[in-house]
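S.K.: This structure is in C-alpha cells; I'll ask about it shortly.
Every number in this text was worked out from the coordinates using simple rules, so none of it is lab data. Everything numeric here is computed off the predicted structure, so don't read it as measured data. Cβ placement follows ideal geometry from the backbone for every residue including glycine, while neighbour counts extend to all protein chains displayed.
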Amino acid sequence: MRSRPLSTADLAASPLLQYWQAEAVRLREAHWGPLEDRAACQAALRLPADLQGRILARAAWLAEHGELHDRLIQWSVGARWALAILWLCACLAGIGTAAAVLGPGQVNLALALLGMLGLHALTFLIWLAGWLPGLPDSTALSRLWLWLTQRLVRGPDAALAAQAFLSLLGRARSWKMAIGLISHGAWTAAFLGAVPTLLLLLSARRYTFHWETTLLSPDAFVSVTQALGWLPGLLGFPAPDDAQVAASLGVQPLAAGVQADWSLWLVGSVIAWGLLPRLLALAVCILCLRRRLAGLAVDPGLPGWLDLRERLMPTHVSLGIDRPAPAEGRAADPAVPPPTAHGGRSAVLAYELGPDLAWPPDGLPPGVADLGRCNSRADRARIRGLLNPPPAHLLLVCDARLTPDRAAAAWLDELRRSCPDLRVLCLGGSPQRVQAWQDLLSQQAVAQAVSLDSWLEHIGTPPP
Amino acid sequence: MTDASKPIDLAVVGHTNTGKTSLLRTLLRDESFGEVADRPGTTRHVESAQLLTETGQAILVLRDTPGLEDAMGVLDYLDQLSPPQERHDGPERIRALLDSPEAAGRFEQECRVLDAVLKTDAALYVIDTRDPVLPKHRDELMLLAACGRPILPVLNFTRAALSDTAAWRDALARLGLHATVDFDTVAPALDGEGQLLDRLALMLDHHAVALQALRADLGQQRLRRLQDATRLIAELLVDAAALRLPCSQDPTDMATITLGLRKRTRDREQDCVHALLKRYRFSKMTFPHHPLPLEGERWGMDLFNPQALRTFGIQVGKGLATGAMAGATIDVLTGGLSLGTAALLGAAIGGAWQGASQWGKRLVGRLAGNTEMTVDDPVLHLLGLRQLALVRALECRGHAAMRPIDGDLLTPPGPEPAGSGTGDSGPDVTQDQGGQAAAETDAATTPPEPLRRLPPDVQRMLDEARGHPAWSSIGEDPVPDARREALVGAMAQALFAAL
C-alpha cells in the first residue's frame, strides 16, 4: 500500500480520470458490495464540505490504495495504443485505396471517385442520421464496444474500467461524440494517407482519365462533374469544362492539360468531399466532447453514491460528554438506628399522587391519621412538623405512573430515618414503572405494602 | 454569546424520563445518540452534538443533560446557602450553588444541568405531557429561570392518548412561559422541527438569521431524502420490471423459474427496504417483520400472494395467475418484441449488430418454443406502493421511536381501519405504557389519500423497462445504460409527485 498523501495538486490533475475512478468504484461497489472505506472517508472528510469533491476524493483514495488506479491507467494507455493503431491502419488503408484506385494507368473516373468516397459517404450519412431526434442514444454501439472489451481484456477490473468509461460518457451524453472522435479520426487519417499518395502518384506517373457509360446519357456525367466540382472550385481546384468532359469518353486521347485538370479535379473532390467534412466533424466532436466532459458532475442520487451522503456530509457531529458520570447512587445505610416510636399512632401520606386519584382513601379507619398530600416544599415543611413525634406506622402512598426520581429517594430516606415502620404503597403504573419503584424501595431498604387493607392488617387496625 | 459566527448553544433539560435524549435523537436523526430507556436517570452526563449545515458549518449545539430530579432539595439548599433576603440575582445564586460542596455530592446531577444551562444560549424544557402538573415541575422551572436564560417548553408525547396538553399549557402560562412548542419525539409532526426553530428564533432574535438558515437547510435535507427515496424505489421498480428469465414450456421448469423470479424480486425488495432505512438513518431493527426470502414469510405480506394485492386495493384482473405461477407472467411473443422495435431500429441505424443479435437470440429462443418469465404488473404496483408507504411511515417517525414499524402499518387505510392491535410483536422496550402504539398508528395512517395504483407515467416507464432485460441489475446479464439511468430519474420524479 502506498502512502502517497492526497494533495490538492493531485486532485486537480485530471478531472476526467477522477470521474472515471469514481464511476469505476461506484460500479464495483454497486455490483460487489461496499469496500472497506474508513480511511478513505477520513481522507475525504478533511477536504472542504462539498459532497462531489468528497466523493471524488474517496474514490481516488480507494482507487490508489487498490489496483484500480493502475488498471485504469493501464487501460487508458492500452486504449490510446489501440486508437493509434486503428488510425495508422486507417492511414495505410487510405494509401492502399488511393494506389488501388489509380491502378496501372487507365483511370475510370466514376469508379475511382466511388472507390475513394463511396464508403466514406455512406458511413458519414449514417453518422448524421444518428442525430435525428427520437432515436435512442446509440447504445447498441456502446454495447458492441463493451462486448469487445469484455472479450479482449481479462479480469473483472479491466472490464470495469471500460464499463465505467462507457457509463461516464453515457451519462454525459457524449458517447456519440466519442464514437465520432474515433471514426472521424480514422477517416481523417485515411484521407491524410490517401491525398498525398494521390498527389505523389499523379506527379510521378502518367495516367489517362476517362469515363464510361452504357445506361446513362453523357449529359448526366457532365452535370455530375460540374456538381462535384463546385466545392473544390471554391477552394481553387480547376475543373474540366463541359466540352472536355464530353470529350473524355476514352475514345480519343486527350490533351495533357485536360489530363492534369482531371487529376486536380479528382484530388480536389477527395479533399473537399472527403477530408474536409471529416475534419470538420472531428473538430465539432472534439469541441463538444471537451465541453461535455468539462460539465461532468457526480449525481449523488445514483446507487452506490446515495448512501455516501450521510457519511461524507455528516449532518451532525458528536461533541462527547462533559465528564464521566459519578458512581450510581449508593444504597441506604442499613446501620441507621431505628427511631423509637411514641405511642401507637398510625398515619398515611400521599406522595405526589395524581389529581385524578382521590385522597384520603375510602375506608380509612378513624384511628389512622391523614397527613395529607405531599407535593410541594411547603407540604414537606408541614409534614416534617407533623412527624415530630413520629407515628409508629407510616404508609406512604405514591403514584407509580410517574417515574421515581432522586427527590423521592431523598424524601424516603428522610422519612425512613424518622419513622420506625415506614411502608410504601404504589398505585397504578406500567410494569416497568412499578419495577423502577421497587428498585428504589429496595435500594432505600423500605418495605412495600401490597394494598391499603393489608397495611391496616399489618398495623393491627382492621378496616371498618 | 451574541457572536453570530458561534453556533447557537441549547441545553435540553427537563425532569427525569421525559424524553430529553429522545428529543436529541429525533432532532439529530440519529438512533444511536445517547441511551434511551423507560427508567429514571438513563442519561447521567451532559452529552453534546452539533448540527451542521450543507456547508459543514456548525450552526446549533445541542446538549443533552441528566434529569433535574431534586429541584425541591436544591431550592431548600439554595435558601440555606444564600437566604432570599440577601438580594443576589438568579445566576449569582446558581453560581454559589455550583461552588458549594454539595455540587459534587447530593446535587451533583442537578448542578451538572445548571452548569450546562449557564453556559448555553437557551434551554429547551422537555415535558412529558402524560405526567400531571406537579409543584416539583414548577420548582424546576424556577430553578432554571434563575439561570437567566430563555426557556422554551417542549411538549413531548402530545400524540399519546393520556397526554394533557391543555393543563400543561395553562400551568406554563401561569409561570410566564407563553411560548411553547409541541414536539412528539416518537411521531413528530412533519414540520415539527421547523416550528421549534421558529419559536427559538422569536426568543433568540440575534440568532434569528442563523435559525432561519438552519430551518431552510432542514427543509432541503428533507426534500433530498424524499428524492433519494423515490430514486431508490424507481431503481427497484426498473430492476423488477426488466427482470426476464428464459424458460422452456415444461411446467416443472416454469415453476422452478417462477420461484427463482420471486426470490430475486423479494431479495431486491429487501435490499431497497434496507437502503431506505439507511437513508432515513434507521437501523434494520426498525422494520424487522418484513418477510425474509422464502423462509418464515408471513402469509399476508408475501409479495406474490394475490391477497396482498387486494389488501393494497390493487385491482386484480381475471387473468391473474394463481398458485405456483402467481405474480409471474409468461411473456407472449408480441409483449417484448413490439416494445423493442424502436430500439431495434435505433440499433440498426447505429450501425451495430450487438443489440440486434441479442434480439435475434431471443427470437430464436422463441421459435424453439422457449418463453420468458417476467414479474406481473400488479406485483410491480404492489412493490412500488409498499415502498412509498414505507417512505411515508419513515417520514413521520421520530428517531426516538423504539417500536418497530409493523408490516401491517404499511397497508393504507381501507374502508375498515387497519389492524391496530398488532403492537405486541415488538420487543418489550416500548417507550411508554401504550400511548406510543396509538401515536405510531396515527403517524402511519395520516397520508391524505392512499394510492391505489402507481401513476400512469410510471406504468409507461415500466412498460419500457420491460423491453430491456439488460437493465435489470438482478437479471442474467446486467449492462449499465444511460437510457436506464434517465428513465430511473424520470420515474423517481413521477413517484415523488405521487408521494
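S.K.: Once amide H atoms are built 1.01 Å from N in the peptide plane, which residues 5 or more positions from A:L319, or in another chain, come under 5 Å H to H?
M.R.: Distant-sequence amide H within range of A:L319: B:S48, B:A49, B:Q50.
S.K.: Which residue, A:C288, A:L231, A:A350, has the largest displacement toward the positive end of the dipole of chain A when charges sit on each Cβ (Lys, Arg +1; Asp, Glu -1)?
M.R.: A:L231
S.K.: Give, rounded to the nearest 20 debye, the magnitude of the charge dipole that the range A:382-442 has about its Cα centre when Lys and Arg contribute +1 at Cβ and Asp and Glu contribute -1 at Cβ.
M.R.: Magnitude of the dipole: close to 120 debye.
S.K.: What is the spin-label model distance, in nm, from A:S430 to A:L319 if the labels are put 7 Å beyond Cα along the C-beta direction?
M.R.: 3.1
S.K.: Residue by residue through the range B:180-196, which ³J(HN,Hα) values in whole Hz follow from phi under the Karplus form 6.51 cos²θ - 1.76 cosθ + 1.60 (θ = phi - 60°), with glycine and proline marked x?
M.R.: 10, 9, 7, 8, 7, 6, 8, 10, x, 5, 4, 10, x, 4, x, 5, 4
S.K.: Here's something else I'd like to know. Take the Cβ-Cβ distance between A:Q52 and B:A208 as r, set R0 to 30 Å, and report the resulting FRET efficiency rounded to the nearest 0.05. Before the final figure, lay out the partial values.
M.R.: Working: r = 31 Å, r/R0 = 1.04.
Result of the calculation: an efficiency of 0.45.
S.K.: Do you know the relative contact order of the range B:67-147, to the nearest whole percent, from alpha carbon pairs under 8 angstrom that are 6+ apart?
M.R.: The value is 48 percent.
S.K.: Can you compute 3J(HN,Hα) from phi for each residue in the range A:83-100, using the Karplus curve 6.51 cos²θ - 1.76 cosθ + 1.60 with θ = phi - 60°, rounded to whole Hz and x for Gly and Pro?
M.R.: Calculated HN-Hα couplings, in order: 5, 4, 5, 4, 5, 5, 4, 4, 4, 4, 4, x, 4, x, 4, 4, 5, 5 Hz.
S.K.: Then there is this: How far apart, in nm, are the 7 Å Cα→Cβ label points at A:E67 and B:Q493?
M.R.: Placing both labels 7 Å beyond Cα along the Cβ direction yields 4.2 nm.
S.K.: For chain A, what is the calculated [θ] at 222 nm in deg cm²/dmol (nearest 500), taking -39500 (n - 2.57) for each run of four or more DSSP H residues and dividing by its residue count?
M.R.: Dividing the helical sum by the residues of chain A leaves -19000 deg cm²/dmol.
S.K.: Also, quick follow-up: Once you average over the residues of B:487-497, how many Cβ atoms of partner chains fall within 10 Å of each Cβ?
M.R.: Counting Cβ atoms of other protein chains within 10 Å of each residue's Cβ and averaging gives 1.
S.K.: Calculate, in nm to one decimal, what B:L98 and B:S5 gain on full extension: separation in residues at 0.36 nm each, minus their alpha carbon distance.
M.R.: 30.6 nm
S.K.: Here's a follow-up. What is the set of long-range amide H partners of A:R345 at a cut-off below 5 Å, with H atoms built 1.01 Å from backbone N?
M.R.: Close amide H contacts, sequence-distant or interchain: A:A392.
S.K.: Using a basic spin-label model with each label point 7 Å from the Cα along Cα→Cβ, how many nm lie between B:Q270 and A:L132?
M.R.: 4.8
S.K.: Another one. Assuming 0.36 nm per residue, please report the length gained on full extension of the stretch B:S82 to B:R224 beyond their Cα-Cα distance. All intermediate terms of the calculation are to be shown ahead of the outcome.
M.R.: Values: separation 142, 0.36 × 142 = 51.12 nm, distance 5.41 nm.
Value of the extension gain: 45.7 nm.
S.K.: Taking each residue of B:16-23 in turn, how many C-beta atoms of other protein chains fall within 10 Å of its C-beta, and what is the average?
M.R.: 2
S.K.: Could you work out how far the C-alpha centroid of the range B:146-167 sits from that of the range A:237-316, in angstrom?
M.R.: Spelled out, the Cα-based centre of one part sits 73 Å from the other.
S.K.: Now for a different question. With the Cα gyration tensor of the range B:172-228 giving a ≥ b ≥ c as the square roots of its eigenvalues, does the rule (a/c under 1.5 for rounded; else a/b larger than b/c for prolate; else oblate) give rounded, prolate or oblate?
M.R.: Oblate is the answer for the range B:172-228, as a/c is 1.5 or above yet b/c matches or exceeds a/b.
S.K.: Moving on. Name the long-range amide H neighbours of A:L425: under 5 Å, sequence gap of 5 or more, or other chain; modelled H, no Pro or chain starts.
M.R.: So A:L425 has HN proximity to A:L396, A:V397, A:C398, A:A449.
S.K.: Just to confirm the filter: which GluC sites (Glu not before Pro) across the range A:30-112 are DSSP coil and have at most 14 other Cβ within 10 angstrom of their Cβ?
M.R.: Of the GluC sites (Glu not before Pro), the ones in loops of the range A:30-112 whose Cβ has at most 14 other Cβ atoms within 10 Å are A:E36, A:E67.
S.K.: Within the range B:3-203, what percent of beta bridges assigned by DSSP are antiparallel, to the nearest 5?
M.R.: For the range B:3-203, the DSSP antiparallel bridge percentage is about 25.
S.K.: Please check chain A for the longest run free of trypsin sites (Lys or Arg not before Pro) that are loop-located per DSSP (anything but H, G, I, E, B) and have at most 11 other Cβ atoms within 10 Å.
M.R.: Answer - A:331-464.
S.K.: Give me a single rounded figure for B:57-63: the average over its residues of other chain Cβ atoms within 10 Å of their Cβ. Working shown, then result.
M.R.: On the way: counts 1, 3, 0, 1, 2, 2, 3.
Mean partner-chain Cβ count within 10 Å for B:57-63: 2.
S.K.: Given a Förster distance of 45 angstrom, what is the FRET efficiency for A:A99 paired with A:L16, based on the Cβ-Cβ distance and rounded to 0.05?
M.R.: It comes out at approximately 0.70.
S.K.: To the nearest 20 debye, what charge dipole does the range A:174-311 have about its Cα centre, counting +1 at the Cβ of each Lys and Arg and -1 at the Cβ of each Asp and Glu?
M.R.: On the way: 9 positive and 8 negative charges, 138 e Å.
Dipole about the Cα centre, nearest 20: 660 debye.
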